[in-house]
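Working notes, structure below.
The values are calculated or read from the model by the stated rules, or taken from the named source; none is laboratory data. Here the structure is a predicted model, which means the values were calculated and not measured. Neighbour counts are summed over all protein chains in view; Cβ atoms, including those assigned to glycine, are modelled from backbone coordinates with ideal geometry.
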């Protein structure tokens, strides 16, 4: 009886810990290099999403510049499911504060395509208007 009670207590403890501290899902579908479907975009041209271990992702954004694309750097990418039980996350956010502007990015994954929505707020008193953008990206396939 004591052995059974201890087993029940141990199982309850593990279940409680899992419910209180659920593991965040990191869908492999996000990981990779994503290229803007509009080759003539004047906005974001490429995304590189990598795993940073411990169920975390990073995103590196490249924007259109001349003569080569501007590297915005790397930021954490936070993923989301459609409810608290959903471990198959298809949505994500990242924030880039570039000093003169803050860009909040949302991503939605659908198989081999990402929808990126950007909200840019200017912080430099330049008089430029804040803006919204929408871009579609396709996963770049590896050449063997």
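Looking only at segment 32-45, residues that are crowded, with 16+ Cβ neighbours inside 10 Å and free of Cβ contacts under 8 Å to residues at least 60 places away in the same chain come to 1 in all. Scanning segment 67-97 for residues that are farther than 23 Å from residue 55 by Cβ and either surrounded by 15 or more Cβ atoms within 10 Å (Cβ to Cβ) or touching a helix residue (DSSP H, G or I) at 6+ places or on another chain (Cβ under 8 Å) (or both) yields a single hit, 72. Given the residues 79, 93, which is the only one that is in a strand (DSSP E or B), in contact with a strand residue (DSSP E or B) (Cβ under 9 Å, 6 or more places away or on another chain), within 18 Å of residue 34 (Cα to Cα) and free of Cβ contacts under 8 Å to residues at least 40 places away in the same chain? Step by step, each of 79, 93 is checked, and only 93 is in a strand (DSSP E or B), in contact with a strand residue (DSSP E or B) (Cβ under 9 Å, 6 or more places away or on another chain), within 18 Å of residue 34 (Cα to Cα) and free of Cβ contacts under 8 Å to residues at least 40 places away in the same chain.
When segment 32-60 is filtered for residues that are touching a strand residue (DSSP E or B) at 6+ places or on another chain (Cβ under 8 Å), part of a loop (DSSP other than H, G, I, E, B) and closer than 15 Å to residue 134 by Cβ, the ones remaining, listed by number, are 37, 38, 41, 43. For segment 122-138, filtered to residues that are assigned to a loop (DSSP other than H, G, I, E, B) and touching a strand residue (DSSP E or B) at 6+ places or on another chain (Cβ under 8 Å), the residue that is nearest to residue 96 (Cα to Cα) is 123. Output yes when any residue across segment 8-31 is outside any helix (DSSP H, G or I), over 12 Å from the mean Cα position of the chain (by Cα), at pLDDT below 95 and surrounded by 14 or more Cβ atoms within 10 Å (Cβ to Cβ), and no when none is. So far as segment 8-31 goes, yes, one or more of its residues are outside any helix (DSSP H, G or I), over 12 Å from the mean Cα position of the chain (by Cα), at pLDDT below 95 and surrounded by 14 or more Cβ atoms within 10 Å (Cβ to Cβ).
May I ask you to list the residues in segment 111-133 that are within 16 Å of the chain's Cα centre (by Cα) and surrounded by fewer than 10 Cβ atoms within 10 Å (Cβ to Cβ)? Once the filter is applied, which keeps residues that are within 16 Å of the chain's Cα centre (by Cα) and surrounded by fewer than 10 Cβ atoms within 10 Å (Cβ to Cβ), segment 111-133 yields only 111. Consider segment 96-112 and keep the residues that are part of a strand (DSSP E or B) and in contact (Cβ under 8 Å) with a residue 60 or more places away in the chain. The one that is nearest to residue 75 (Cα to Cα) is 107.
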